[in-house]
Amino acid sequence: MVNFHIITLFPEALGGYLNSSMLWRAQKEKKIKIYLHNPRNYSLDKHKKVDGRPYGGGPGMVMSVEPLLRNIKAIEKKYLKAKSDKLKALVIITSPAGKVFDNKLAKTMSVKYNNVIIVCGHYEGIDARLKKILKAGKFKVEDVSIGPYVLTGGELPALVMADAISRQIEGVLGNDESLEEKRVSSSETYTRPEVYTHNKKKYKVPKVLLSGHHKEIEKWKEMRIKRGTNADETQTDADKTRKITT
Ligand code: ADE
């Protein structure tokens, strides 16, 4: 079981996705729990302010340390009661400048941590003292990026990471889906109809997939993976190379 604590100024923006489909099922089956927290509720400012202008100048606003720290402390008090809970907790700070997230990192996180706290960055970033204070307090903290582009906030990265980590947890995917894991990243798949006509052109399912010849199908799939061929090319290729005998 992994508890996700997502700290976001826009919790309402995340609920729809988290409460649908696989993540909903994973929550129902108690493989994961997702808690949404709004740092605004932890602001001591009378206007509930959560940001300020950057020291040293520069554009935009920076998220203040206090509401975020108080929020994380509240999570610690309620969910990380035992000493060992803290050892198995990770704070992720979403940042386009962080370590790049991938499936391997998702897998590691899914086995190493019971509580994953994701702080969704906004504006021009987060006061750097948050990380320093958390580290001094023995929290494991990582800046993580989901890719080489800059988004307007950390909410999408939080969803991406919660999703990718969850599907690495045993039992979240069905057995068949887990077995397919290696192929998912590169496979080219088809379903009915066998021939789809669009603008008078016929798009056929590659014959090998209809052959029932499992060894040949595997070989074909591996070849597609090696070549990194996309689906469009395959349609024409496959139509030309129907050499498979059944
Ligand atoms: N915040 C803005 N862009 C981001 C990215 N690519 N990854 C993580 N957090 C971000």
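Condition check for LEU130 on (1) farther than 24 Å from LYS28 by Cβ; (2) in contact (Cβ under 8 Å) with a residue 60 or more places away in the chain; (3) out of contact with any Phe, Trp or Tyr (no Cβ under 9 Å at 6 or more places or on another chain); (4) open to solvent by 20 Å² or more (accessible area, probe 1.4 Å): one failure, at (4).
Within region 1-27, track down each residue that is among the aliphatic types (A, V, I, L, M), farther than 19 Å from GLN168 by Cα and open to solvent by 30 Å² or more (accessible area, probe 1.4 Å). Hit for region 1-27 is ALA13, nothing else. Count of region 114-129 residues, restricted to those that are of a type outside the set (S, T, N, Q) and either more than 15 Å from the ligand (Cβ to nearest atom) or under 16 Å from VAL160 (Cα atoms) (or both), is 9. Out of GLU188, GLU155, GLU177, one residue alone is surrounded by 15 or more Cβ atoms within 10 Å (Cβ to Cβ), at pLDDT below 95 and more than 18 Å from MET109 (Cβ to Cβ). It is GLU188. Scanning region 50-59 for residues that are assigned to a loop (DSSP other than H, G, I, E, B) and surrounded by 14 or more Cβ atoms within 10 Å (Cβ to Cβ) yields VAL50, PRO54. Listed by first and then second residue, the pairs with beta-carbon distance under 8 Å, at least 6 apart or on different chains, first residue in region 89-113 and free of Cβ contacts under 8 Å to residues at least 40 places away in the same chain and away from the ligand (no atom under 15 Å from the Cβ), second not small (Gly, Ala, Ser) and not in a loop (DSSP other than H, G, I, E, B), are LYS112/LEU90. Mind checking which residues of region 134-165 are closer than 14 Å to LEU90 by Cα and touching a residue at least 60 places away in the same chain (Cβ under 8 Å)? Once the filter is applied, which keeps residues that are closer than 14 Å to LEU90 by Cα and touching a residue at least 60 places away in the same chain (Cβ under 8 Å), region 134-165 yields LEU134, PHE139, ALA158, MET161, ALA162, ILE165. Going by the structure shown, is SER64 polar (S, T, N, Q) and open to solvent by 20 Å² or more (accessible area, probe 1.4 Å)? Yes, satisfied. Does region 100-116 contain any residue that is at negative phi, at pLDDT 95 or above, surrounded by 16 or more Cβ atoms within 10 Å (Cβ to Cβ) and of a type in the set (Val, Ile, Thr)? Yes, region 100-116 contains a residue that is at negative phi, at pLDDT 95 or above, surrounded by 16 or more Cβ atoms within 10 Å (Cβ to Cβ) and of a type in the set (Val, Ile, Thr).
Confirm whether LEU9 is free of Cβ contacts under 8 Å to residues at least 60 places away in the same chain and either within 15 Å of the chain's Cα centre (by Cα) or not in a helix (DSSP H, G or I) (or both). Outline the logic, then answer.
On the way: free of Cβ contacts under 8 Å to residues at least 60 places away in the same chain: no; either within 15 Å of the chain's Cα centre (by Cα) or not in a helix (DSSP H, G or I) (or both): yes.
When the stated conditions are applied, LEU9 does not pass them.
Filter region 67-86 for residues that are free of Cβ contacts under 8 Å to residues at least 24 places away in the same chain and open to solvent by 60 Å² or more (accessible area, probe 1.4 Å); which is nearest to the ligand (Cβ to nearest atom)? My answer is LYS73. When restricted to residues that are away from the ligand (no atom under 15 Å from the Cβ) and not basic (Lys, Arg), region 131-158 contains 5.
The values are calculated or read from the model by the stated rules, or taken from the named source; none is laboratory data. Owing to the predicted nature of the structure, the values given are computational and were not obtained by experimental measurement. Here Cβ is always computed from backbone atoms with ideal geometry, including for glycine, and neighbour counts include all displayed protein chains. In case anyone asks, the SASA skips ligands and DNA or RNA and just uses the protein heavy atoms, side chains included. Shrake-Rupley method; radii C 1.70, N 1.55, O 1.52, S 1.80 Å.
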